[in-house]
Structure formats: structure tokens, C-alpha cells
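To start, the structure under review is shown below, and the notes come after it.
What follows is calculated from the coordinates using simple rules that are stated; it is not laboratory data. Please read all numbers here as calculations on a predicted model, not as lab measurements. Reconstructed Cβ throughout: ideal geometry from the backbone, glycine too, with neighbour counts over all protein chains shown.
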Amino acid sequence: MPGLLRGMARTAVVAGTATAVSNRVSRRQAQRWSQQGEYGYDEPAYDEPPPAPAPVAQAAPAVDPIQQLKDLAALKEQGVLTAEEFAVQKAKILNG
């Protein structure tokens with residue numbers, strides 16, 4: 001019989017704790033919702049103007065692959081790029 005009473009007491013404690021936590025969460029949510037307004041989000045004031053639309057990003061101008069290859073060759077002639085680096089960059093331009 002002591003095991004049965006201990007099990008019942010443990011169940012009562014767990015159920016009571018769960019109920020208390022659930023009630024506290026419900027109260028906290030109700031407070032937040034009442035602060036946010038009827039629809040669950042901050043309602044804008046009617047005297048404020050609407051926010052300006054975001055600027056549209058412009059596409060980058062198309063790059064001419066012939067000009068890129070000429071620039072790359074000039075860098076190689078100046079000694080800025082090695083033959084291996086030139087080959088890698090050339091392949092990127094031609095395949096990309």
C-alpha cells in the first residue's frame with residue numbers, strides 16, 4: 001500500500017506542477033496578445049504614412065568576355081599573373 005500512495009502523490013505533484021505552468025504560460029500569452037492588438041500584431045497608427053517601398057536592385061551590366069580576356073592577357077604580360085593562374089582564369093571566363 002505505501003507504494004501505491006507514493007505513486008498517487010507523485011502523480012498529483014506532477015499534475016499540479018503542469019497545471020501551474022500551463023496557467024502561467026496562458027496568462028503571459030494573453031498579456032502579450034492584449035498589448036499587440038486584436039489581430040496578434042502591432043497595428044499601425046492611421047496618422048503615420050506607410051513605409052516607403054524598398055529600392056529595386058539594378059542588374060550589373062553584362063561584361064564582355066573578349067575584354068576580360070584582353071585584360072587578363074595584359075596582366076600576364078605585366079608579370080602579375082603566372083601562366084597557371086592565367087589558364088585558370090581564362091577557363092573560368094570561357095566556361096562561365
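Label sites at residue 18 and residue 71, each approximated as a point 7 angstrom past Cα along Cα to Cβ, lie 6.7 nm apart. For residue 65, the shell of other residues with beta-carbons less than 14 Å away shows a net charge of +1, using +1 for Lys and Arg and -1 for Asp and Glu.
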